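Bear in mind these aren't lab numbers, they're just calculated from the coordinates by the rules spelled out. Not measured: the values here are computed from a predicted model. Note: ideal-geometry Cβ built from the backbone for every residue, glycine included; neighbour counts use all protein chains shown.
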Amino acid sequence: MKKIILPIIITLVFGFISFYFGCPPINVKSPDFWGFLFSLIICFLIAFIIFGKFIKSEKIWVGIKNSSGNFTIDKSKINMKLVKTIAFAVGALIVLYILLILTASPLLRAKSYQQMLSVKDGNFNKEISEIPISQIPIVDKDTAERLGLREIGGIVDLVSQFEVAETYTQINLKNVPTRVSPLGYADFIKWMSNNKNGIPYYVTIDMATQETDLVKLEKGIKYSPFEYFNRDLMRHLRFKYPAALMEDPSFEVDDNGNPYWIVSLYDYKIGFIGGKDTTGILMVNAVTGETSKYSVSDIPKWVDRVYPSDMVIEQINNWGKYKNGFWNSVIGQKGVLQCTDGYNYIALNDDVWLYTGVTSVSSDQSNLGFVLINLRTKETKYYPINGAEEYSAMGSAEGKVQEKGYIATFPILINIAGEPTYFISLKDNEGLVKSYAFVSVKNYQTVGVGDTIAAAQSQYASLLGNKQSTAQSITVTGNIESISTAVKGGNTIYYIKLTGNDDIFVASIEISDFLPTLKQGDYISAEYTKDAGGLCRVSSIKKGSI
């Protein structure tokens, strides 16, 4: 009995260290748990072989060193019965695990996989309304990173201690598509110097205007993936919920600007470990670490990211793959659909929806339609619209400016005059946006390109046959009472107030070169649309009447 105590102690120490730094769930449905368990067994066997059967005799260890000077083990001193028992148990566990995996095989459960999504047909023009050009999201993750670095780079004390994390979650903040990301410690030494007060800021970027704000917190963020030891976010949650199956966290802020981490919980719905699906969330106050658990039916409305993108993409593929059973997905493949290679997000009704094209398995560079999934509720809609897949549209946009060598970003799906349209930003080799493109989904040869969004849309509308925009624009005239400017996202923005009118009219220098000549008392006419925040976004302006 004494000879087994040391191997047990070594295994317990190894297990504690592995659990503390690896944070595996103590849950038999997790592959990480099985890896953790097998590592403990292997650790015990090695420790038992090395330490468990050596016999001490005065000053030497019997059966350790042979005549050649190599260290060996006296097999006669090893309890082979115990070793065989452990080996048999490990083998039995492996066989059991393989059998449990087979219970969730699509070969046996194809219908269950196909029905994990409840997909309804949607009406594109009715459900995806046209938005004013001033509200089209133009900031992708790469651009967001550049804007964030530029914002923090202007504050010397910050940039020497912190860096902007690469999170940049896309959310709807007060019905405005926004990317948000916290700061993180520059390195471990900087953490040592600053962790007492926590991370003092997070960044928000308006995806339409590129307006970037560095939001100062009254109390710093003390729970995040950028912390160490017990304040590391996943370790903090693992100690509270040792058996929980958790996805990677996403950073969000509520309508009052309070920072939170949203961690999706999941379980397997098919067999033992098949049909992965979200069951709820853990909502962690990033400042205090206070944690609340919600089921999918009672999640707060402001939370946008509940269902991870990779999970829903897999469910879309299963929906399209197993419509006619497992064997049809392998042989014949009649009616088998799959997602295109990329996806993006759009904002609808204050929620974030993932969209992706759906094509046939033959990969013929055309889409049969689109799928939109609400990442908060998993409501899923299918739009049977035939057209070009996203990468074909990107190539067509690049072809329009091929002499400049611009690179297309992955498109956003929008509605332009009732036409399903890809909106694409075109960047130079330095990653700076230089141009914009609108590409028809139905005919990717119909491409409008311009140095401004307004110019690109105007060209595109002309190519569509001068269809009138369905967005409701309003015409206003009057004398300028006051005019002021601000620089946002590298562009000059003009704020105009007219005599006798309480509205504030916002115009970008992109829409007219004569804006700098305007002064108090000038008579102007302008077309505008009012956004969700009450600002009047001007799309065209000139002196006199339009």
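Can you sort Ile541, Ile49, Ile373 by how many other beta carbons sit within 10 Å, fewest first?
Ile49, Ile541, Ile373
Using Cβ counts within 10 Å as a stand-in for footprinting exposure, how do Ser482, Ser39 rank, fewest first?
Ser482, Ser39
Does region 137-306 classify as rounded, prolate or oblate by the C-alpha gyration tensor (a ≥ b ≥ c root eigenvalues; a/c under 1.5 gives rounded; else a/b over b/c gives prolate, otherwise oblate)?
Oblate, since a/c reaches 1.5 and b/c is not below a/b.
Treating cross-link reach as a plain straight distance, find the aspartates and glutamates whose alpha-carbon is under 12 Å from the alpha-carbon of Lys519, omitting any fewer than eight places away in the same chain.
Glu481
Per DSSP helix of 4 or more residues, -39500 (n - 2.57); summed, then divided by the residues of the chain. What does that give at 222 nm, rounded to the nearest 500?
Counting only the DSSP helices, I get -8500 deg cm²/dmol.
Taking the Cα atoms of region 474-543, what is the range of coordinates along each of the three principal axes, in descending order and whole Å?
31, 29, 17
For Lys404, list the aspartates and glutamates whose Cα falls under 17 Å from its own Cα; do not include residues on the same chain fewer than 8 positions away.
Hits, sequence-local ones excluded: Asp428, Glu430, Asp451.
Ranking request for peptides 174-183, 342-351, 433-442: highest mean number of other beta-carbon atoms within 10 Å first, then the rest in descending order.
Final packing ranking: 433-442, 174-183, 342-351.
Sum up the charges of everything whose Cβ sits under 11 Å from the Cβ of Glu163, counting Lys and Arg as +1 and Asp and Glu as -1, but leave Glu163 out.
-2
Would you mind counting up the charge near Val476? Only other residues with Cβ under 10 Å from its Cβ, with Lys and Arg at +1 and Asp and Glu at -1.
-2
Roughly how many debye, to the nearest 20, is the charge dipole of the chain about its Cα centre, given +1 on each Lys and Arg Cβ, -1 on each Asp and Glu Cβ, and no other charges?
Roughly 2940 debye for the chain.
Taking 0.36 nm per residue of sequence separation and subtracting the Cα-Cα distance, how much length would be gained by fully extending the chain between Asn27 and Glu527, in nm to one decimal?
174.0 nm
Check Thr356: other-chain or 5+ apart residues with amide H under 5 Å from its amide H, H built from backbone geometry?
When sequence neighbours closer than 5 places are left aside, the close amide H contacts are Val371.
Specify which residue in the list Thr380, Ile128, Gly325 is farthest towards the positive end of the charge dipole of the chain, using unit charges on the beta carbon of Lys, Arg (+1) and Asp, Glu (-1), about the Cα centre.
Positive-most Cα among the choices belongs to Gly325.
Need the C-alpha centroid separation for region 289-310 versus region 196-267, integer Å.
Here the answer is 13 Å between Cα centres.
Cα-based Rg (one decimal) and Dmax (whole number) for region 375-438, in Å?
13.9, 45
Might you report the magnitude of the Cβ-based charge dipole of region 371-412 about its Cα centre, with Lys and Arg at +1 and Asp and Glu at -1, to the nearest 20 debye?
220 debye
Rounded, prolate or oblate, given the Cα gyration tensor of region 237-312, with a/c below 1.5 counting as rounded?
Judged from the Cα gyration tensor, region 237-312 comes out prolate (a/c at least 1.5, a/b above b/c).
Can you find, among Ser540, Val361, Gly478, the residue farthest towards the positive end of the dipole of the chain? Put +1 on the C-beta of Lys and Arg, -1 on that of Asp and Glu.
Val361
What residue among Ser512, Ile316, Gln115 has its Cα farthest toward the positive end of the dipole of the chain, where the charges are +1 on Lys, Arg and -1 on Asp, Glu, each on the Cβ?
Gln115
Ranking Val28, Val159 by Cβ neighbours within 10 Å, fewest first, what do you get?
Ascending number of Cβ neighbours within 10 Å: Val28, Val159.
May I ask you to list the GluC sites (Glu not before Pro) in region 325-426 that are in a DSSP loop and have at most 12 other Cβ atoms within 10 Å of their Cβ?
Here the sparse-neighbourhood loop sites are Glu403.
Are there chymotrypsin sites (Phe, Trp or Tyr not before Pro) in region 202-307 that DSSP marks as loop and that have at most 14 other Cβ atoms within 10 Å, and which are they?
Tyr228
What size of dipole, in debye to the nearest 20, comes out for region 254-326 about its Cα centre when the only charges are +1 on Lys and Arg C-beta atoms and -1 on Asp and Glu C-beta atoms?
380 debye
Below 13 angstrom from the Cβ of Leu413, what's the summed charge of the other residues (Lys, Arg +1; Asp, Glu -1)?
Taking every other residue near Leu413 into account, the sum is -3.
If you take the beta carbon distance between Asp254 and Asp502 as r and set R0 to 35 Å, what does 1/(1 + (r/R0)^6) give as a FRET efficiency, to the nearest 0.05?
Using R0 = 35 Å, I get an efficiency of 0.75.
Apply the Kirkwood formula to region 262-349: the hydrodynamic radius equals the inverse of the mean of 1/r over all pairs of different alpha-carbon atoms; give it in Å with one decimal.
15.5 Å
Using only alpha carbon pairs under 8 Å that are at least six residues apart, calculate the relative contact order of region 137-306 and give it in whole percent.
This gives 16 percent for region 137-306.
So for region 327-462, considering every pair of alpha-carbon atoms, how many percent are separated by more than 25 Å?
Distances greater than 25 Å cover 30 percent of the Cα pairs.
Could you work out the relative contact order of the chain, using alpha carbon pairs under 8 angstrom and six or more residues apart, expressed as a whole percent?
Contact order relative to length: 10 percent.
Taking a quarter of the surface of the convex hull around the Cα atoms of the chain, what do you get in nm²?
Mean projected area for the chain: 35.1 nm², to one decimal.
Which of the trypsin sites (Lys or Arg not before Pro) found in region 324-408 are loop residues per DSSP with 10 or fewer other Cβ atoms within 10 Å of their Cβ?
Loop-located and lightly packed - Lys334.
Give Lys321/Lys378; Lys323/Lys381; Lys120/Lys293; Lys497/Lys542; Lys111/Lys378 a once-over and call out the pairs whose C-alpha atoms are over 22 Å from each other.
Long pairs (Cα-Cα over 22 Å): Lys120/Lys293.
Using a Förster distance of 51 Å, how high is the FRET efficiency between Asp451 and Leu108, based on the Cβ-Cβ distance and rounded to 0.05?
Approximately 0.35, to the nearest 0.05.
Taking θ as phi - 60°, what are the ³J(HN,Hα) couplings along region 316-329 by the Karplus curve (6.51, -1.76, 1.60), each to the nearest whole Hz, with x for Gly and Pro?
Residue by residue, region 316-329 yields 5, 4, 5, 4, x, 7, 10, 4, 10, x, 5, 5, 5, 6 Hz.
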